[in-house]
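Below: one structure, written as structure tokens.
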Amino acid sequence: MTHDGVRNVRSALAGLPAPYQPHRLATVNDHDVKVVTLDGEFVWHTHPDTDELFLVVSGRLTIQLRDGDVDLGPDDVFVVPRGVEHCPLAHGDVRAVLIERVGTTNTGDAGGDRTQPLRELD
């Protein structure tokens, strides 16, 4: 029996073209599982209607929060609660998995030129 829905996280991450361009790995109920590479500082933003889970696969990522930073390394997980302003800061090349409600925009309420559509993996 074959299962066409099998995806490999590391292979998906290796094929991403540029930082901060999320790609859908899978959808579970009403949440997207996304793969993304990060490099440098993103933008301060919130997601008013959903929590955002970060799972770092490789590299070092700081989730900057207004009341203090959260430092993550490989295999670390952190959930930014809905409505909490945050700004990811990648120290070099970071590869991560994100879980967010379907339809969540990467820049949340901030918008701007860093906003990217959710792309599908090839």
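Values computed for the structure shown
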| read-out | value |
| --- | --- |
| About the Cα centre, charge dipole magnitude for the chain (Lys/Arg +1, Asp/Glu -1 at Cβ), debye | 280 |
| Percent accessible area from carbon and sulfur atoms, the range 47-94, protein chains only, probe 1.4 Å | 50 |
| Dipole of the chain [Lys/Arg +1, Asp/Glu -1 at C-beta], most positive-end residue of T27, H91, G108 | T27 |
| Interchain or long-range residues, amide H under 5 Å from A26's placed H | V33 |
| Distant-in-sequence amide H partners of Q116 (H built 1.01 Å from N, under 5 Å) | N106, T107 |
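The values are calculated or read from the model by the stated rules, or taken from the named source; none is laboratory data. The shown structure was predicted, so the numbers you read here are calculated from the model rather than taken from an experiment. Virtual Cβ from ideal backbone geometry, glycine too; neighbours counted across all protein chains shown. Heavy atoms of the whole protein, side chains included, go into the accessibility calculation; ligands, DNA and RNA do not. Shrake-Rupley method; radii C 1.70, N 1.55, O 1.52, S 1.80 Å.
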